[in-house]
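Peer 1: Questions regarding the structure given below will be posed in turn.
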Amino acid sequence: MNNTLKVNSKYKDSVFRMLFNRKEELLSLYNAVNNTNYVNVDDLEINTLEEGVYMKMKNDISFIFSFELNLYEHQSTECGNMPLRFLLYVSKIIAGMIVRDDLYKKKVIKIPAPRFVVFYNGEDMDDDISTYRLSDQYEKPLPTPELELVVTVININKNHNPDIMHACKTLNDYSVFVAKIRAYAKIMVIEDAVEKAVDECISEGILVDFLMKHRAEVQEMSIFEYNEELHLQNVRQDAIDEANAKAAVIIAEKDAIIAEKDSTIADQNSVIAEKDAELAKYKSKYGPL
């Protein structure tokens with residue numbers, strides 16, 4: 001199976017980002033997450049970070065709606081650094097929204113309330129919803145952190161969060177599409193797995209217009225995303241294996257030290273036993289001391 005990581009610079013975007021780059025789809029996703037029924041897409045302003053030459057920073061989706069700055073990310077592998085990544089994203093976005101000189105004026109600058117969501121479809125999460133906190137990354141735990149950032153992680157795999165998935169068909173279809181790729185990639189090369197998943201989704205009415213219009217891009221991006229996911233899993237497994245190997249060496253060294261001490265103690269006990277035997281012989285010959 002050809003699962004090596006191939007980076008095609010033309011397709012560094014993501015299927016998720018491409019799917020929800022339209023206001024109609026993005027508002028549907030917002031409504032699903034917040035259990036709302038907004039319909040006016042003109043009230044939604046997309047301000048997603050684009051990768052720059054000097055600042056290699058790019059998030060999946062960010063937009064302003066209902067006085068909120070919503071930052072959405074898609075993840076297929078667990079990442080405990082998401083709060084820190086979101087902190088960098090939101091700082092850069094807000095910095096671009098305000099005039100620098102206004103920071104020194106008396107008047108308080110109002111900013112949209114930031115909200116952070118990760119849509120997770122990896123295989124390591126059992127809960128429907130979980131949270132990451134920036135304070136969990138602090139080297140020194142604080143009872144009341146003065147800077148906190150909470151990330152809501154929504155599991156979008158099958159049989160999770162049915163209300164959200166039902167409320168946003170595109171999100172549900174995307175989850176089905178990714179699941180098909182994973183399933184077929186276990187029995188065929190990734191290129192064939194993606195092509196089969198695309199064909200099957202179109203025949204089943206899943207993301208039909210999107211896949212027919214962007215088939216080539218979606219296939220390229222999906223192959224890259226799968227290989228990147230597999231690469232990250234392998235890196236994580238390598239780290240686990242390395243840690244286990246180091247632990248095994250430490251345990252072996254500890255066991256050797258214990259064995260050496262046990263041997264020394266056994267020798268000392270043997271010497272003591274010999275002395276006790278000599279003493280007993282002396283007492284039997286000459287009587288008590």
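The values are calculated or read from the model by the stated rules, or taken from the named source; none is laboratory data. Just so it is clear, the structure is predicted and the values come from calculations on it, not from any experiment. In this analysis, Cβ positions are derived from the backbone assuming ideal geometry, glycine residues included, and neighbour counts consider all displayed protein chains. Note: areas computed on protein heavy atoms with side chains; ligands, DNA, RNA excluded. Shrake-Rupley method; radii C 1.70, N 1.55, O 1.52, S 1.80 Å.
Peer 1: Does any residue of region 155-174 turn out to be farther than 27 Å from V33 by Cβ, among the small types (G, A, S), over 20 Å from the mean Cα position of the chain (by Cα) and assigned to a helix (DSSP H, G or I)?
Peer 2: Checked against the condition, which is being farther than 27 Å from V33 by Cβ, among the small types (G, A, S), over 20 Å from the mean Cα position of the chain (by Cα) and assigned to a helix (DSSP H, G or I), region 155-174 yields no hits at all.
Peer 1: Please go through region 189-204 and pick out each residue that is more than 15 Å from M221 (Cβ to Cβ) and touching a residue at least 40 places away in the same chain (Cβ under 8 Å).
Peer 2: Result: V189, single match.
Peer 1: Separate question: Would you mention how many residues in region 1-59 are open to solvent by 30 Å² or more (accessible area, probe 1.4 Å) and at pLDDT 75 or above?
Peer 2: Adding up the residues that qualify gives 21.
Peer 1: Moving to a separate point now. Scan (1) open to solvent by less than 50 Å² (accessible area, probe 1.4 Å); (2) within 15 Å of V151 (Cα to Cα); (3) out of contact with any helix residue (DSSP H, G or I) (no Cβ under 8 Å at 6 or more places or on another chain) for the single condition I93 breaks and write down its number.
Peer 2: Condition (2) is where I93 drops out.
Peer 1: For region 125-168, what are the residues that are farther than 23 Å from V90 by Cα, out of contact with any strand residue (DSSP E or B) (no Cβ under 7 Å at 6 or more places or on another chain) and open to solvent by less than 70 Å² (accessible area, probe 1.4 Å)?
Peer 2: Those that are farther than 23 Å from V90 by Cα, out of contact with any strand residue (DSSP E or B) (no Cβ under 7 Å at 6 or more places or on another chain) and open to solvent by less than 70 Å² (accessible area, probe 1.4 Å): N157, H160, M165, A167, C168.
Peer 1: Only residues that are buried (at least 20 other Cβ atoms within 10 Å of the Cβ) and at pLDDT 95 or above: list them for region 63-81, please.
Peer 2: Result: F63, F65, L69, N70, L71, Y72.
Peer 1: Taking D101, is it surrounded by 12 or more Cβ atoms within 10 Å (Cβ to Cβ) and either at pLDDT below 95 or farther than 24 Å from E225 by Cα (or both)?
Peer 2: Spelling it out, it is not the case that D101 is surrounded by 12 or more Cβ atoms within 10 Å (Cβ to Cβ) and either at pLDDT below 95 or farther than 24 Å from E225 by Cα (or both).
Peer 1: Cβ-Cβ under 6 Å, sequence separation 6+ or interchain: first residue in region 105-117 and under 8 Å from N70 (Cα atoms), partner hydrophobic (A, V, I, L, M, F, W, C) and surrounded by 11 or more Cβ atoms within 10 Å (Cβ to Cβ). Which pairs?
Peer 2: These pairs meet every condition: P114/L69; P114/V90; F116/L71; F116/F86; F116/V151.
Peer 1: Oh, and also: Of the residues that sit in region 175-210 and are more than 20 Å from K158 (Cα to Cα) and open to solvent by less than 40 Å² (accessible area, probe 1.4 Å), which one is farthest from the chain's Cα centre (by Cα)?
Peer 2: F210
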